[in-house]
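In what follows, a single structure is set out as structure tokens and then discussed.
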Amino acid sequence: MNLLITGGAGFIGSTLADKLLKIESNNIIVIDNFNDYYSPKLKEKNIKHNLDNKKYKLYRGDICDKSLLSRIFNESKIDIVVHIAASAGVRPSIDKPLDYIKNNIEGTVNILEVMKKNNVKKIVFASSSSIYGNCKEKVFSEDLKVSEPISPYAASKSACEQFLYTYSKLFDIQVVALRFFTVFGPRQRPDLAIRKFIDLIKENKSIPVYGDGTTIRDYTYVDDIVDGIIGAIKYNDTQYEIINLGGGAPVSLNQMIETIEKALNKKAKIERLPMQPGDVNKTVASITKAKKLLNYNPKTSFENGIIKFIEWEKNNE
């Protein structure tokens with residue numbers, strides 16, 4: 001099977017590529033633009049070990065480049081697209097909303113257009129829990145109304161889901177849209193809280209804590225997310241599905257800091273700051289649908305995930 005992974009040199013995409021390459025029948029095609037949102041050297045490190053693998057092919061470029069997309073699909077008979085590439089981050093999206101419209105929405109439509117022209121009939125899409133906004137429900141299930149995003153990033157992901165639905169109906173493309181809940185683990189982006197906090201605490205620097213620490217996140221270890229994506233690749237029963245992938249045991253910001261302190265055996269210096277625009281109060285995933293349709297079963301607890309991440313970082317410094 002020939003799988004195209006967009007954003008395949010990043011945190012989740014490269015981890016997915018590694019696992020898929022272990023399956024003998026898979027050929028992995030990756031497109032990534034190696035932008036400077038964070039150091040491109042980290043992405044280079046993520047993929048370096050695969051560059052000599054005959055089952056791995058890398059294209060350096062952008063999903064907004066239609067001619068490059070056409071070339072990729074012409075050169076490789078793509079069976080399934082796993083679309084992870086996107087402008088990431090809630091707070092940066094408030095400052096640069098047009099980037100998110102172009103890269104996330106326009107980029108996704110570009111992918112769908114080239115799939116249509118090449119008769120590629122399946123896409124697995126990396127959506128986001130941010131779509132739920134400040135949902136008042138205790139648990140976020142896929143059938144909730146999600147028409148009130150509170151950041152351009154969330155709005156762009158919501159728009160992508162709608163375009164995916166439209167193309168699914170019009171052109172018989174099977175869609176599995178996976179709403180990721182706060183992914184963490186080895187290769188995590190350095191701007192994300194867990195990696196940032198661990199590094200700052202190790203350096204005896206203060207960590208910025210927005211709000212009173214009671215905000216809640218459903219943290220999900222990257223290996224569990226990858227298992228969910230592979231489940232979605234295998235899933236063929238229905239034409240269009242939105243499915244949550246969460247960790248199943250949400251923790252507060254205060255608990256997250258305490259867990260890191262315990263794993264590092266070091267106390268954090270905390271700088272209290274006001275809540276940031278675009279940040280949601282909580283994310284709590286219902287994973288009943290994922291369990292039923294994808295045989296999804298998160299295996300790594302938050303505490304064990306933090307320990308694994310610290311160990312990985314120690315070995316990769």
Subject >> Scan of the range 257-280 for residues that are at pLDDT below 95 and under 24 Å from the mean Cα position of the chain (by Cα), ordered by number >> reply: Met275, Gln276, Pro277, Gly278, Asp279, Val280
Original post:
Any chance the range 8-31 includes a residue that's part of a helix (DSSP H, G or I), in contact with a strand residue (DSSP E or B) (Cβ under 6 Å, 6 or more places away or on another chain) and not hydrophobic (A, V, I, L, M, F, W, C)?
Top reply: yes
**OP:** From (1) under 16 Å from Phe181 (Cα atoms); (2) over 19 Å from the mean Cα position of the chain (by Cα); (3) polar (S, T, N, Q), pick out the condition that doesn't hold for Ser130.
**Re:** (2)
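Counting only residues that are among the basic types (Lys, Arg) and out of contact with any Phe, Trp or Tyr (no Cβ under 6 Å at 6 or more places or on another chain), which one in the range 174-221 is farthest from Pro40 (Cα to Cα)? Give the steps one after another, and end with the answer.
Within the range 174-221, the subset among the basic types (Lys, Arg) is 179, 187, 189, 195-196, 202, 205, 217.
Among the residues that remain, those that are also out of contact with any Phe, Trp or Tyr (no Cβ under 6 Å at 6 or more places or on another chain) are: 179, 195-196, 202, 205, 217.
On the way: Arg179: 26, Arg195: 17, Lys196: 17, Lys202: 23, Lys205: 25, Arg217: 28 Å.
That would be Arg217.
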Subject >> Pair list, Cβ < 6 Å and 6+ apart or interchain, from the range 71-84 residues that are under 17 Å from Ile230 (Cβ atoms) to residues that are among the charged types (D, E, K, R) >> reply: Ile80/Lys122
Original post:
Out of all the residues in the range 70-98, which are in a helix (DSSP H, G or I), within 21 Å of the chain's Cα centre (by Cα) and more than 21 Å from Val280 (Cβ to Cβ)?
Top reply: Leu98
Subject >> Selection count, the range 262-289, where residues are charged (D, E, K, R), under 25 Å from Val209 (Cβ atoms) and surrounded by 16 or more Cβ atoms within 10 Å (Cβ to Cβ) >> reply: 1
**OP:** Collect the residues in the range 290-306 that are buried (at least 18 other Cβ atoms within 10 Å of the Cβ), part of a helix (DSSP H, G or I) and in contact with a Ser or Thr (Cβ under 9 Å, 6 or more places away or on another chain), keeping them in residue-number order.
**Re:** Phe302, Gly305, Ile306
Original post:
Just one of Lys262, Lys299, Lys291, Lys282 is among the basic types (Lys, Arg) and farther than 19 Å from Phe181 by Cα; which is it?
Top reply: Lys262
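Results for (1) touching an Asp or Glu at 6+ places or on another chain (Cβ under 9 Å); (2) within 19 Å of Leu264 (Cα to Cα); (3) without any contact (Cβ under 8 Å) to a residue 12 or more places away in the chain; (4) not in a strand (DSSP E or B), shown as yes or no for each residue.
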| site | (1), (2), (3), (4) |
| --- | --- |
| Arg187 | no, yes, no, yes |
| Lys196 | no, yes, yes, yes |
| Ile201 | yes, yes, no, yes |
| Val209 | yes, yes, no, no |
| Thr214 | no, no, no, yes |
| Ile225 | no, no, no, yes |
| Ile233 | no, no, no, yes |
| Asp237 | no, no, no, yes |
| Ile243 | yes, no, no, no |
**OP:** Kindly list the number of the only condition in (1) touching a Leu at 6+ places or on another chain (Cβ under 6 Å); (2) surrounded by 19 or more Cβ atoms within 10 Å (Cβ to Cβ) that fails for Ile47.
**Re:** (1)
Original post:
If you check Leu170 against the conditions, is it modelled with pLDDT of 95 or more and under 15 Å from Glu241 (Cβ atoms)?
Top reply: no
Subject >> Selection status of Thr259, surrounded by 17 or more Cβ atoms within 10 Å (Cβ to Cβ), of a type in the set (S, T, N, Q), in contact (Cβ under 8 Å) with a residue 12 or more places away in the chain and more than 30 Å from Thr166 (Cβ to Cβ) >> reply: yes
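The values are calculated or read from the model by the stated rules, or taken from the named source; none is laboratory data. Keep in mind that what you see is a predicted model, and the values were worked out from it rather than measured. Here Cβ is always computed from backbone atoms with ideal geometry, including for glycine, and neighbour counts include all displayed protein chains.
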